[in-house]
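The values are calculated or read from the model by the stated rules, or taken from the named source; none is laboratory data. No experiment lies behind these values; they were computed from the predicted model shown. Quick reminder, even Gly has a Cβ in these numbers, built from the backbone with ideal geometry, and neighbours come from all protein chains shown. Just so you know, the surface numbers come from the protein's heavy atoms only, side chains and all, with ligands and any DNA or RNA stripped out. Shrake-Rupley method; radii C 1.70, N 1.55, O 1.52, S 1.80 Å.
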Protein chains: 2
Amino acid sequence: MSREVKVTFEPSGRGVFVLPGTILLEAAARVGFIIETPCGGAGQCGKCVVRVTSGACLPCEACYHTLSDDDVARGYRLACQCRVDGALVVEIPETSLFQTAQKILSRDSGEPTTVEPTIVKRFLELSPPDRDDGRSDVSRVRDALGNVEIDPAAMPAMPDALRAGGFRVTATLSGNRLIRLDPGDTRAVCFGVAFDIGTTTLVGTLVDLNTGADRAVSSRVNPQTSFGDDVISRIKRCRDDAHGLAALHDAVLKATNAIVDDLAKQASIAPDAIVEAVISGNTTMQQIFCRISPVALGEIPFVPAFEDALTVRAADVGLKIYPYADVQVFPQIGGFVGGDTVAGILATRLQQSEAPALLVDVGTNGEIVLANRGALTATSVAAGPAFEGARIVNGMRAARGAIEKVVFNDDVEINVIGNAKPTGLCGTGLIDAAAGLLDAGILDITGRILGPDEMPATVSRALRRRAIEENGQCRFVLVDATESGTSEALCLYQRDIRELQLATGAIRAGIAVLLKEAGLRPEDLGAVLLAGAFGNFIRRNHARRIGMLPPIPTERIRFVGNTASSGAKRMLLSRTERAEAERLCRATRHVDLSLNPDFQMEFSQAMLFPEADAHA
Amino acid sequence: MSREVKVTFEPSGRGVFVLPGTILLEAAARVGFIIETPCGGAGQCGKCVVRVTSGACLPCEACYHTLSDDDVARGYRLACQCRVDGALVVEIPETSLFQTAQKILSRDSGEPTTVEPTIVKRFLELSPPDRDDGRSDVSRVRDALGNVEIDPAAMPAMPDALRAGGFRVTATLSGNRLIRLDPGDTRAVCFGVAFDIGTTTLVGTLVDLNTGADRAVSSRVNPQTSFGDDVISRIKRCRDDAHGLAALHDAVLKATNAIVDDLAKQASIAPDAIVEAVISGNTTMQQIFCRISPVALGEIPFVPAFEDALTVRAADVGLKIYPYADVQVFPQIGGFVGGDTVAGILATRLQQSEAPALLVDVGTNGEIVLANRGALTATSVAAGPAFEGARIVNGMRAARGAIEKVVFNDDVEINVIGNAKPTGLCGTGLIDAAAGLLDAGILDITGRILGPDEMPATVSRALRRRAIEENGQCRFVLVDATESGTSEALCLYQRDIRELQLATGAIRAGIAVLLKEAGLRPEDLGAVLLAGAFGNFIRRNHARRIGMLPPIPTERIRFVGNTASSGAKRMLLSRTERAEAERLCRATRHVDLSLNPDFQMEFSQAMLFPEADAHA
């Protein structure tokens, strides 16, 4: 087993353990840094340049073409091609970071990241009331602000705020509506939070609304998982248990409020200083967050409660930021295609793509959006929880002890998260293993694990002896009992492969139907954008090898990070983006695959693995 | 002591005990029936006709002039002049009731009482979603209603309501905003509640928004009285105690919610079926109700928090009707002149009066509005709690056991509320006693109770011996210890008279200043409208005798009932009235008497009782 090495990224100090040979770009993505690759990783543009400040990292050939000798000598490297050789400290220049997802498809638009949030703070120096000026507090404030609406919820605190501040106060306006009045000048303190409410993971980003800068990030497992791994089981819970919706709502709000507390602590502010929130999630997650029953999403024809963006009050949903802050909920496209997908389109500017492009968010629910000549079509497929490690015999989440990477050479090498003994297999490891087994000829295209005697002659002895036959089926041993953290061998079972086939087949079939309806072939795709926390860590060639992604060159497959979060942040920072989200949502045609006769056919075909990787 | 007799009014069945000799009109007013008296009680118009169906009631002379002999024989009587002789059952024809307060001043406008509430219910029969129609629930409902706004608070219940009702649902709209969706057809059940939030008393009226009819009335003592009798003591509590406002708010909401429960019980509905509320009260009461600090009302220049009408959500203020119902709070004129005064102007159409007219609401705080050629001027005076029985040695509220009426003949006769032994003296009894003592010559115009030896010769022996001198001051015995419910004599003390002088003097001075500013004399007044629960029970001539009301003929002094309630009901029933309330509020000039140099002078003069009643 190869020994993983640590790569530390500056200036953040975030570190990650990777196998030697890992490309720097990938190591960075593992800790959430998406590096610019306008040339598609061809080593031509030099945009992905980073600097190795400690440790050994051989320059790739492209480094000498693209960078000056001097720069190479000073440690500059192209992250897209240079590989980790040993422990490294790598500095990522601000200019190499994928700043705004919009650039990925319209990279020459040069659009600046505008900070024009709905929330505006204004400092007022008012004259106190006297005998000649007995205007009410509300009139006094309104006269100073121009003709704004005063939120009645902001009134109770007004008389005291005015007097505590000696009539020098800061007004917090949400658009044209006063939502808060504080004594003194508090303009410098103005925060919003963008939430990605995932089926499995909740992520909150605290944003300074004055500058647009991230101030803190925090995440939690969505505690609703204790009610079921996928949205369907949670919808059923709401249907069958009169208190189900309340229980699910309470669970997610409790965790979300823990995130708020953590964010506030990290930034040394009071949670109350957060005066706006944006939520993006799939339809079920968004509706439960808003305490709206998702039961109709569990019945044909899978009707969401709302489509247009929703504004609810923080206190009304139980979110413990400023109680009268607006919580902006993303618009929903239809069925299971919800706000996270709209956020993804918003973040990537998918619709501006000149060539046809796909946005794929792989999770328990997979959402797929096709942009073709400005037209957007979206669908969702139930990939199931295999990628989260569920329903896989030795499966687990991508946590400490998980085999996150499997490399096939003469034998199997693995990488384990967190410098621990392996205790299970997470989604990326599962894909790696299946791709490796296919390439080695140990797995046939029907998904059957061959017995040692059936394997091609090219299979090494080391690999061959890992296949163990029992009751006419084979399992493949990834880790011997002696090396396992569980003291039992960690294996890939025949039934695990079937689960994987269902998951990848669903995504592949979804993509196939969208392409077919648009009259496109996979090779017409200029880009496939992989979104989501999981998508970030997938080995693109392996995902393509098992058929989850279409047969297009690796460089056209791009990681776009957590677009549910980055899209939510965009909405938080800009009124224009909010309007754009509504527009994009309305412009996107929803394809309900449950009603689509082609889908079942494509799905059954997609259960076969591809013969080979066309772009290996 | 005369024995009170019972008068029962049909068709309501409400009864009241009164002294023989009481005019029918007054007996009716005691139980809340305001009878029409367009001719001012002169016995000329016949509008106040009622029918005595049981018991003896001699026809007055005017009956023979105004009614046919046949009608008189059948028991018809003019309520304005006929007196109660013994126990009676009296039928009040619908046409004799003071239907809508607006008529009092513009009686020929013939304006109908329109029922056009902000709340409208619409029954929808929607097609359920199917494969060809996957619109969201919100879109489905909105498409059926036309372009309405959907209150996000109404969304959580929508999916279940649609499905429980088989997509036959009732939409509750507040103006253009959907606030609620219920399964089935619930149009018949549509209620609002009008609240009079008084410093001392809370009154709620449940109104059927389909018909405009009252369905129930309920009242409670405002439990804030335990924090102080008047608004100033409650404002101080909010200023000095960090939890004061919360405690006062909780107290009034608890009682208001008890009223809601009682109203719902009386009408056999769920509190949740009440989908709108209107609040009218003085500035302090309205602000505390809305949890808005009233502290600035306690400091010069007495600034209210708001002037324009306010709409808050029931759940936000803790009112337990439908949680997302609007609570409409009356606009406020300024200082202590609040929503109850606007409601009074709205209810009486004061501004339409051709002759100058006053609206006087006598309570712990006295509000006075002058209408003069369409211009409205308003002020308030601190009358103190004497009329509520507070600060009066043997004072009490107008409850069971209270002496509510005192008649001076050779001796003193009293009427006690609730057929009980007397235990104290309430406001009306206090005014009666003072007026009677003035007329008898036992009280001089400076307010001194004369000793038996100083009294004029005309004073009877029975009255004379009731004055008891002690330490150079006299008290006047109203009830001997043997007849008292407390086993101690009930007396009017010299200091009680001083309290009464302060209370009446404040009102008289307030009226004087408004008249002076307008260049009017008291006799120019075409009408003085007495509003409020207390005003209803005052003997007009006695109030005029002690100088509380200006020296104008009794028939120009009219009872207009609880206009805080009737005005609130108007607003509840009509969008037009709501706009009119805003308009009237803005059109009314507020006079702050604390800043008025004339007021102190008028006040000191008004401490002297009038020499005699000019219109006795």
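Okay, here's what the table says:
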quantity	calculated
Solvent-accessible area of A:ILE414 with every protein chain in place, 1.4 Å probe, in Å² to the nearest 10	10
Karplus-derived 3J(HN,Hα), 6.51/-1.76/1.60, for each residue of segment B:120-130, Hz, glycine and proline x	10, 9, 10, 8, 10, 10, 9, 7, x, x, 9
Within segment A:314-349, backbone nitrogen closer than 19 Å to the virtual label 7 Å beyond the Cα of A:SER12 toward Cβ	A:347-348
Low-density loop cleavage sites - trypsin sites (Lys or Arg not before Pro) in segment A:386-474, where at most 15 other Cβ are within 10 Å (DSSP)	A:ARG400, A:ARG448, A:ARG465
Ascending list, in nanometres, of distances separating the A:LEU58 label from those of the other copies (7 Å, Cα toward Cβ)	13.0
Which of A:LEU595, B:LEU350 is most accessible, then next, and so on - probe 1.4 Å	A:LEU595, B:LEU350
Under 9 Å, Cβ to Cβ, from B:ASP340 - net charge with Lys/Arg +1 and Asp/Glu -1	-3
Other copies of B:ASN409: label-to-label distances in nm, shortest first, labels 7 Å along the beta-carbon direction	12.4
Partner chain coverage, peptide A:137-148 - average Cβ within 10 angstrom	2
Per DSSP, loop trypsin sites (Lys or Arg not before Pro) in segment B:53-94 with at most 12 further Cβ within 10 Å	B:ARG74
Chain A: relative contact order as a whole-number percent, Cα under 8 Å and 6+ apart	12
Length-normalised contact order of segment A:250-349 in % [C-alpha pairs under 8 Å, at least 6 apart]	32
Within 10 Å of each Cβ in A:121-130, the average number of Cβ atoms from other chains	1
Inter-chain Cβ neighbour average for residues B:311-321, partner chain, 10 Å	2
Tail weight of P(r) past 42 Å, computed on alpha-carbon pairs of the protein assembly as shown, percent	55
Structure-based [θ]222 nm, chain B - -39500 (n - 2.57) summed over DSSP H runs of at least 4, per residue, nearest 500	-8500 deg cm²/dmol
Hits among lysines - C-alpha to C-alpha of A:LYS320 under 30 Å, sequence gap 8 or more where chains match	A:LYS121, A:LYS236, A:LYS254, A:LYS265, A:LYS569, B:LYS254, B:LYS320
Charged-residue dipole, Cβ positions (Lys, Arg, Asp, Glu), segment B:528-570 about Cα centre, Debye nearest 20	40
Gyration tensor (alpha-carbon) shape descriptor, chain A, a/c threshold 1.5	prolate
Positive-end residue of A:VAL312, A:CYS290, A:ILE274, charge dipole of segment A:272-318 with Cβ unit charges	A:CYS290
Antiparallel content of DSSP bridges confined to the protein assembly as shown, in %, to 5	70
Nearest-first distances (nm) between copies at B:ALA462, label 7 Å from Cα via Cβ	12.5
Net charge, B:ASP261 excluded, C-beta distance under 14 Å - Lys, Arg +1, Asp, Glu -1	+2
Radius 12 Å from Cβ of B:PRO128, net charge of other residues (Lys, Arg +1; Asp, Glu -1)	-1
Simple label model, 7 Å out from Cα along Cβ direction - A:GLU523 to A:THR311, nm	5.1
Amide N of segment A:46-60 lying under 20 Å from the label point, which is placed 7 angstrom from the Cα of A:THR211 along Cα→Cβ	none
Sequence-distant lysines (8 or more away, or on other chains) whose Cα lies within less than 18 Å of A:LYS47	A:LYS103
Theoretical gain in end-to-end length, A:ARG400 to A:GLU555 [0.36 nm per residue, Cα-Cα removed]	52.8 nm
Simple Cβ-charge dipole of chain A, Lys/Arg +1 and Asp/Glu -1, about Cα centre, in debye nearest 20	360
Options B:GLY505, B:TYR493, B:LEU525, ranked by Cα towards positive dipole end of segment B:484-616, top entry (Cβ charges)	B:LEU525
Efficiency of FRET between B:ASP132 and A:MET601 - r from beta-carbon atoms, R0 25 angstrom, step 0.05	0.70
Dipole magnitude of the protein assembly as shown, debye to nearest 20 (Cβ charges: Lys/Arg +1, Asp/Glu -1, about Cα centre)	380
